[in-house]
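So the structure is just underneath, and the comments pick up after that.
The values are calculated or read from the model by the stated rules, or taken from the named source; none is laboratory data. No experiment lies behind these values; they were computed from the predicted model shown. Cβ coordinates were reconstructed from backbone atoms using ideal geometry, including for glycine residues, and neighbour counts include every protein chain displayed.
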Amino acid sequence: MDPLVIAGRSFQSRLIVGTGKYPSNPVMVQAHDASGAEMVTVAVRRVNISDRSRESLLDYIDISRYTLLPNTAGCYTADEAVRTARLAREAGLSHWVKLEVIGDEKTLFPDNEALLEATRVLVKEGFVVLPYTTDDPVVCRKLEDAGAAAVMPLGAPIGSGLGIQNTNNIRIIREFSHVPVIVDAGVGTASDASLAMELGADAVLMNTAIAGAREPVTMARAMRLAVEAGRLAYTAGRIPRRMYANASSPVEGLVGR
Amino acid sequence: MPQILLNGETHEIAAPLSVTALLERLGIDTRRVAVERNLVVVRRAHYDSEIVSEGDEVEIVNFVGGG
């Protein structure tokens, strides 16, 4: 498959996976392996000062194999997101960030105004910014103009598993963008991931669809195959849709006619 | 005893101390965390020289699972 290139860096895999909500860390390790992903997202949170017994997530992520993509999940203002990104850079020694500025608790839809503001600040500071945004082509264009290294429109609300709600917008965003388009959030099962790729998305980012499946490792493999299949189908160019049948077998030489 | 605000909670320190000393006292592996003092990230290279004292707001974060 053709590589995914973000900010000059090549990835063989077009699937980016999360590290949250797995039944256990060992299951996560196996799921990551089965997914074929080369980049995994992580969240930034306060260290528990009183209870230091908890295991460190990084004990379960081979950072020579996976690129860490810290997120700013849970941030509700541009300031919080910028602070979190700066801390993540120091903790992970990487200047890549999945930028989230949430605008609503129930839907977890992004606050695009604050997102743009935070993007501008972080780009100026040398971050590679991958903003999580609504599936709005105009917002995506503004994010690209602000220096985002990719745009990450949602397919549906985070963790909803509803699949791609507005296929047309994803297609338009692909057409408008000069940076990779990564469908982030909303995938429920393999066909959703395939569809995202068939629409022209350059990659898909997911967490709950794998971590929350009854068998996360099997679902991770399904997602790997789905993303590959979708990409190949997009590259191959699908046939046009027709209203009526168009025979595949010759219409001449039929017996008895 | 001087107090600081550590991850949102009051925390007593005997005397002003470096970030390195604070992390040691808390038993935190410095390689896996990031520290902010009064809203500014403390670079790793400055852990020995950056002093935490009375009234400071300190945040110590690490990576956890997320999407």
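Suppose we filter region B:6-24 for residues that are more than 14 Å from A:Asn48 (Cα to Cα) and within 11 Å of chain A (Cβ to nearest Cβ); how many remain?
Qualifying residue count, region B:6-24: 1.
Working carefully through the options A:Val29, A:Val5, A:Val42, find the one that is at pLDDT 95 or above and touching a Pro at 6+ places or on another chain (Cβ under 6 Å).
When all the criteria are applied, what remains is A:Val42.
From A:Leu93, A:Leu154, grab the single residue that is closer than 21 Å to A:Leu69 by Cβ and free of Cβ contacts under 8 Å to residues at least 12 places away in the same chain.
A:Leu93
Pick from A:Gly18, A:Gly36: which is surrounded by 16 or more Cβ atoms within 10 Å (Cβ to Cβ), modelled with pLDDT of 95 or more and on the phi > 0 side of the Ramachandran plot?
The conditions single out A:Gly36.
Only one residue in A:Arg238, A:Arg224 is in contact with a strand residue (DSSP E or B) (Cβ under 7 Å, 6 or more places away or on another chain) and either farther than 24 Å from A:Ala31 by Cα or in contact (Cβ under 8 Å) with a residue 60 or more places away in the chain (or both), so which one is that?
A:Arg224
Could you tell me whether region A:53-61 includes any residue that is touching a residue at least 40 places away in the same chain (Cβ under 8 Å) and part of a loop (DSSP other than H, G, I, E, B)?
Yes; the residues of region A:53-61 include at least one that is touching a residue at least 40 places away in the same chain (Cβ under 8 Å) and part of a loop (DSSP other than H, G, I, E, B).
Across region B:22-52, which residue is nearest to A:Ala91 (Cα to Cα) among those that are at pLDDT 95 or above and small (Gly, Ala, Ser)?
Looking at the filtered set, the residue picked out is B:Ala34.
Here are some conditions: (1) without any contact (Cβ under 8 Å) to a residue 40 or more places away in the chain; (2) more than 9 Å from chain B (Cβ to nearest Cβ); (3) small (Gly, Ala, Ser). A:Ala78 meets all but one. Which one does it not meet?
If we test A:Ala78 against (1) without any contact (Cβ under 8 Å) to a residue 40 or more places away in the chain; (2) more than 9 Å from chain B (Cβ to nearest Cβ); (3) small (Gly, Ala, Ser), just (1) comes out false.
Could you please let me know if A:Thr77 is among the hydroxyl-bearing types (Ser, Thr, Tyr) and either surrounded by fewer than 23 Cβ atoms within 10 Å (Cβ to Cβ) or more than 25 Å from A:Met1 (Cα to Cα) (or both)?
Yes; evaluated as a whole, the condition is true for this residue.
Looking at A:Ser191, A:Ser248, which one is among the hydroxyl-bearing types (Ser, Thr, Tyr) and either part of a strand (DSSP E or B) or at pLDDT 95 or above (or both)?
A:Ser191
State all residues of region B:30-42 that are surrounded by fewer than 18 Cβ atoms within 10 Å (Cβ to Cβ) and either part of a strand (DSSP E or B) or in contact with a strand residue (DSSP E or B) (Cβ under 9 Å, 6 or more places away or on another chain) (or both); if no residue qualifies, say none.
B:Arg32, B:Asn38, B:Leu39, B:Val40, listed by residue number.
Looking for something under 20 Å from A:Asp111 (Cβ atoms) and of a type in the set (Lys, Arg) - is there at least one such residue anywhere in region A:158-171?
Looking through region A:158-171, none of the residues is under 20 Å from A:Asp111 (Cβ atoms) and of a type in the set (Lys, Arg).
Give the residues of region A:4-47 that are among the β-branched types (Val, Ile, Thr) and more than 11 Å from chain B (Cβ to nearest Cβ), sorted by residue number.
A:Val5, A:Ile6, A:Val27, A:Val29
Taking the stated definitions as given, is A:Val128 touching a residue at least 60 places away in the same chain (Cβ under 8 Å) and over 23 Å from A:Ser24 (Cβ atoms)?
Considered against the rule, which asks whether it is touching a residue at least 60 places away in the same chain (Cβ under 8 Å) and over 23 Å from A:Ser24 (Cβ atoms), A:Val128 comes out as yes.
Just to verify a result, which residue in region B:44-56, among those that are more than 11 Å from the chain's Cα centre (by Cα) and surrounded by 12 or more Cβ atoms within 10 Å (Cβ to Cβ), is farthest from the other protein chains (Cβ to nearest Cβ)?
Only one residue tops the list, namely B:His46.
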